[in-house]
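Undergrad: First the structure, then my questions, so here it is.
The values are calculated or read from the model by the stated rules, or taken from the named source; none is laboratory data. The structure displayed is predicted, hence computed values, not measured ones. Cβ sites come from the backbone with ideal geometry, for glycine too, and all protein chains shown count toward neighbours. Surface areas here come from the heavy atoms of the whole protein model, side chains and all, with no ligands, DNA or RNA. Shrake-Rupley method; radii C 1.70, N 1.55, O 1.52, S 1.80 Å.
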Amino acid sequence: MTKSITGARSAALWRAYALASLGLVLLSASCEKKEVAPVMHPDRRANYVAGLSSSLEGGGGGGGEAEKTLAYSVSSALAASGQSDTLANRKLVRNGSLDLLVNDVGQSAGKIGSIVTGVGGFVEKSSQTNSGGHTATMTVRVPAAHLDQVIIDIKRLATTVDRESVEVRDVTREYIDLDAHLRNAQAEESQYLQILKRAATIKDTLDVTEKLTDVRGRIDQLQGEMKFLAAQIDMSALEISLRAEADATVAGFHWRPLRQAKIAAGDMMSGMADWVDSVIAFLINLPLIGVWLISIVVLVLVVVRILRFLWRKFGPKKPWRLPWRHSTPPETPGAH
């Protein structure tokens, strides 16, 4: 009787283990199939895959074709996520930089900090130096919607704007891909949790727990990447360089000797660099120059020999002389 009960329990355990193993196999297969975008409608997913395939196939074309392919891929990604391809739905990272000449570097840096905090931003990094003139560099973060206005307000503090640039990077497709992978991982986590509730043995529990740990690690990583990307989209970075130069007024004219000295020093360094490049190029090409000179000399000698042969063969019976050699006139009898 005891043996029959033990055999029945063993058979039940084996059936439970087989069912759990089958569930894990089916789960892994379903997760692999749903890796692209399980939350998408089949038609939208087909459009998304077609857009990505077209972008890969068109990668070897020219610049214009590449831009068209990228735009089509982003449009397909937006359509696959159920959004229309409008500027408001695109994820854009906007960053800028300014190089300004100001009267007072410290005062201007303080005013820039006030402008940035006034729109809800913050100063990420700031440094000042007094060697060779008072200069400062600042990196500030401002809401992307206020970037243009902040640039205008900061430019009003400068006497001269030496350089201004704004860079825009479209990260829509990257953001949508991260969101799709995150949804996949979350769906996989929920399925593992359901299997964990039905686990009958310690081994099954440990296996599912290991899978859950791996999935949760991927979820945390994807969430971190999405938060970082969202922070770049929401808050634009603006790099600012400030410098002040000693100005003097001579006969009503603004004289900037330090500025002119820096420009002249830059021109000198550029000229020295060009000279060094020329010398290096000459030394590297010296063997080739020698080969050309030897070839020219050999060619001249061959031409001279051919002309001498033709002169002796077909010319008048006179001794051959080079054109620049003149024969000495014969001496007349009784000259001495």
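Undergrad: Can Asp220 be described as modelled with pLDDT of 85 or more and open to solvent by 80 Å² or more (accessible area, probe 1.4 Å)?
TA: So Asp220 passes the test.
Undergrad: Return yes when Gln107 is of a type outside the set (Lys, Arg), open to solvent by 70 Å² or more (accessible area, probe 1.4 Å) and over 12 Å from Ala244 (Cβ atoms) and no when it is not.
TA: no
Undergrad: Looking only at region 185-202, count every residue that is open to solvent by 70 Å² or more (accessible area, probe 1.4 Å) and either assigned to a helix (DSSP H, G or I) or acidic (Asp, Glu) (or both) and tell me the total. Please lay out each step first, then the result.
TA: Filtering region 185-202 down to residues open to solvent by 70 Å² or more (accessible area, probe 1.4 Å) leaves 186, 194, 197-198, 202.
From what is left, the residues that are either assigned to a helix (DSSP H, G or I) or acidic (Asp, Glu) (or both) are 186, 194, 197, 202.
The total comes to 4.
Undergrad: Okay, moving on. If you go through region 112-143 one residue at a time, how many are crowded, with 18+ Cβ neighbours inside 10 Å and in a helix (DSSP H, G or I)?
TA: Matching residues across region 112-143 total 3.
Undergrad: Does Ser127 meet the test of being of a type in the set (S, T, N, Q) and more than 19 Å from Val166 (Cα to Cα)?
TA: Here the answer is yes, as Ser127 does meet what is asked.
Undergrad: Determine which member of the set Leu222, Leu182 is within 30 Å of Val123 (Cα to Cα) and either assigned to a helix (DSSP H, G or I) or aromatic (Phe, Trp, Tyr) (or both).
TA: On inspection, the qualifying residue turns out to be Leu222.
Undergrad: Looking at (1) of a type in the set (A, V, I, L, M, F, W, C); (2) free of Cβ contacts under 8 Å to residues at least 60 places away in the same chain; (3) surrounded by fewer than 17 Cβ atoms within 10 Å (Cβ to Cβ), find the lone condition where Leu178 falls short.
TA: (3)
Undergrad: Before we move on, is Thr205 modelled with pLDDT under 90, open to solvent by less than 40 Å² (accessible area, probe 1.4 Å) and among the β-branched types (Val, Ile, Thr)?
TA: Judged against the criteria, Thr205 is not a match.
Undergrad: State whether one or more residues within region 164-172 are in contact (Cβ under 8 Å) with a residue 60 or more places away in the chain, open to solvent by less than 70 Å² (accessible area, probe 1.4 Å), in a helix (DSSP H, G or I) and over 18 Å from Ser97 (Cβ atoms).
TA: Yes, because at least one residue in region 164-172 is in contact (Cβ under 8 Å) with a residue 60 or more places away in the chain, open to solvent by less than 70 Å² (accessible area, probe 1.4 Å), in a helix (DSSP H, G or I) and over 18 Å from Ser97 (Cβ atoms).
Undergrad: Applying the selection to region 208-217, what residues are surrounded by 16 or more Cβ atoms within 10 Å (Cβ to Cβ) and of a type in the set (Lys, Arg)?
TA: Within region 208-217, Lys211 is the sole residue that qualifies.
Undergrad: In region 223-263, what count of residues is obtained for those that are open to solvent by less than 80 Å² (accessible area, probe 1.4 Å), modelled with pLDDT of 80 or more and out of contact with any Pro (no Cβ under 9 Å at 6 or more places or on another chain)?
TA: So the count comes out to 16.
Undergrad: Could you please let me know if Ala187 is touching a residue at least 24 places away in the same chain (Cβ under 8 Å) and over 30 Å from Lys125 (Cβ atoms)?
TA: Numbers: touching a residue at least 24 places away in the same chain (Cβ under 8 Å): yes; over 30 Å from Lys125 (Cβ atoms): yes.
Yes; evaluated as a whole, the condition is true for this residue.
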